[in-house]
Amino acid sequence: MIKSTPLALSAVLLTSTTFSAHAGVDISHMTSGHQHLHHYDSYAVYEERVIETPQAMEVERRMAIVHEDDQGDVEVDAVSEVEGVEYDDGDPIEDFNRVIFFFNDMLDAMFFTPICKIYRGVVHDEIRARVSYVLRNVREPVNFANNILQADFEEAGITLGRFVTNTTVGVGGIFDVGTDWGMPFERQDFGMTMASWGIGEGGYLMLPILGPSTFREAPGIAVDIALDPMTWFIPSDAVAITYARAGAQGLDDYNEVQPMLEDLRKNSLDFYIGVRAWYLERRRSKVREALGDSAQPADSPVPMDFPQTADYPTPMN
Amino acid sequence: MKKILLLLCLLCASNPSWGQDKAAEIYMQNLGDQVVDILSSYSASSEVTHERLRSLLESNFALRDMGKFALGKYWRQATPSEKNEFQNLFRLSVVDHYIHRFETHTNERFDVVASRNEKDGAIVVTSDLMRPSGPPLRLDWRLYRTGGHFKVYDVLIDGISMSITQRSEYSAVIRKEGNGLNGLNRVMQSKWNARGH
């Protein structure tokens, strides 16, 4: 997304800026703003170009001083090129998030990581895998509801088919027969549904205990709970089952990300930043995949000397 | 065998409209097999393993271009000596990172599944890392063919781009530390030292 906006200039800025002349710079397209410096004979031409990607906002500013003499001849006196980079971490409340992160990290070390290690040590690989499959199957109605809300009726049919097949033939979801029968698993949640409606991510949000999220995904969790038929009619004596399921789901989810967290704790330059970068890219990739967009990231490295159409800059050195 | 490979390369090169790139698939399968072979021939912690993995990565990964990308626009604002220092630290940390990853992934099999050509000229080779426990891990490799050779430009682990994750991390550290690329270099250097190198 590229948009041009005039850059407000003050005489103070101009007089205090040292210009260096760059030969051969084409300023014909830099007409997005004019400001007269002295009467009618000299003026500054300036342009601000903003390039936005989900990860970064690049601001490119260029400026030229143009002199017009009595005959109307134009002479470009000096051109300056200023580059500004404003990477957006997507983390508007970082200070708050860091406090919660610190708190979560203590809970991790004291409870969640030990519990997870015991779970892995005591329960066999194969049984843990089956537990994952059962939990995944129990959640299929939520996937179905989100398929419908996204108006993806084809995928909704697949989800329904999977649920019926895996619950019956797959013995309550212990075996994923659906995948073998051409109905592959696809996790859907209300955050993805909101993304499909064009609602933006809204910034990184660290939730207590639950961990990394965004302002879009966090309310989505509540909606997903409301969409789950299992939560609609809970007899008073079956509340324990609901808690047990939530606990098992939490353990299963944590078990999946725990090795990566350990890796980041050891290897990232700043643990908080490392987790944020990894979570946001992981979430964006999952949303892209769930919405059937290309599973490729928006941007990636290209060879320096490669003919390219992308906006990617080439080095100046 | 080499003749067949060459023939395949020529066939693919002459038909860019194909949705798949056999030559790139063969290249990736070969690279993956070499990694598996190195890991199974020597003990994982040995010097030889590290040395062989390092040279394999350095000759097949476009580390300079990856490093430049990971800095985003901060690259332009840096001095040549800062850039050199960064590229050196970047190379060390990436190689170290992958060696560490590979080591924990012994007893695995690497299978190329498919490939496709992207609009920007990249070739994406999809592969599965078959693990003894758990479902296969999906790895997507973004390759470019430059100067007659394939080079790896990005690795997506289960859809997560390493390059973009790195760029987010580096640019956040640069802003937190202040002092431009130099600030990042200091943090990377102390991380490197702290890891016992």
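Any read-out appearing in this document is the output of simple, stated calculations on the displayed coordinates, not a laboratory observation. In this text the structure is predicted, and so the values were computed from the model without any measurement. Glycine gets a Cβ as well: all are built from the backbone with ideal geometry, and neighbour counts include every protein chain shown.
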Pair list, Cβ under 8 Å, 6 or more apart: segment A:155-178 residue free of Cβ contacts under 8 Å to residues at least 40 places away in the same chain and assigned to a helix (DSSP H, G or I), other residue among the aliphatic types (A, V, I, L, M) and surrounded by fewer than 20 Cβ atoms within 10 Å (Cβ to Cβ):
A:Ala156/A:Ile148; A:Thr165/A:Val177; A:Asn166/A:Val177; A:Val177/A:Val169
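Taking the conditions exactly as written (in contact with a Lys or Arg (Cβ under 8 Å, 6 or more places away or on another chain) and not β-branched (Val, Ile, Thr)), does B:Gly159 satisfy them or not? So that I can check it myself, show each step before the final result.
Values: in contact with a Lys or Arg (Cβ under 8 Å, 6 or more places away or on another chain): yes; not β-branched (Val, Ile, Thr): yes.
Yes.
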Residue list for segment A:240-280, filter: in a helix (DSSP H, G or I) and under 19 Å from A:Asp95 (Cβ atoms):
A:Phe271, A:Tyr272, A:Ile273, A:Gly274, A:Val275, A:Arg276, A:Ala277, A:Tyr279, A:Leu280
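From B:Glu108, B:Glu169, B:Glu177, grab the single residue that is free of Cβ contacts under 8 Å to residues at least 24 places away in the same chain, touching a helix residue (DSSP H, G or I) at 6+ places or on another chain (Cβ under 8 Å), surrounded by fewer than 22 Cβ atoms within 10 Å (Cβ to Cβ) and acidic (Asp, Glu).
B:Glu177
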If B:Ile174 satisfies every condition in (1) in contact with a strand residue (DSSP E or B) (Cβ under 8 Å, 6 or more places away or on another chain); (2) within 9 Å of chain A (Cβ to nearest Cβ) but one, which is the exception?
(1)
Exactly one condition in (1) of a type in the set (Gly, Ala, Ser); (2) surrounded by 12 or more Cβ atoms within 10 Å (Cβ to Cβ); (3) without any contact (Cβ under 8 Å) to a residue 60 or more places away in the chain is false for A:Gly203; which is it?
(3)
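Does A:Val99 meet the test of being of a type in the set (Val, Ile, Thr), in a helix (DSSP H, G or I) and touching a residue at least 40 places away in the same chain (Cβ under 8 Å)? Before you say what the answer is, go through the steps one by one.
Details: of a type in the set (Val, Ile, Thr): yes; in a helix (DSSP H, G or I): yes; touching a residue at least 40 places away in the same chain (Cβ under 8 Å): no.
Answer is no for this residue.
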I'd like the full set of residues that are facing chain A (nearest Cβ under 9 Å), part of a helix (DSSP H, G or I) and not polar (S, T, N, Q), limited to segment B:68-90.
B:Lys68, B:Phe69, B:Ala70, B:Tyr74, B:Trp75, B:Arg76, B:Pro80, B:Lys83
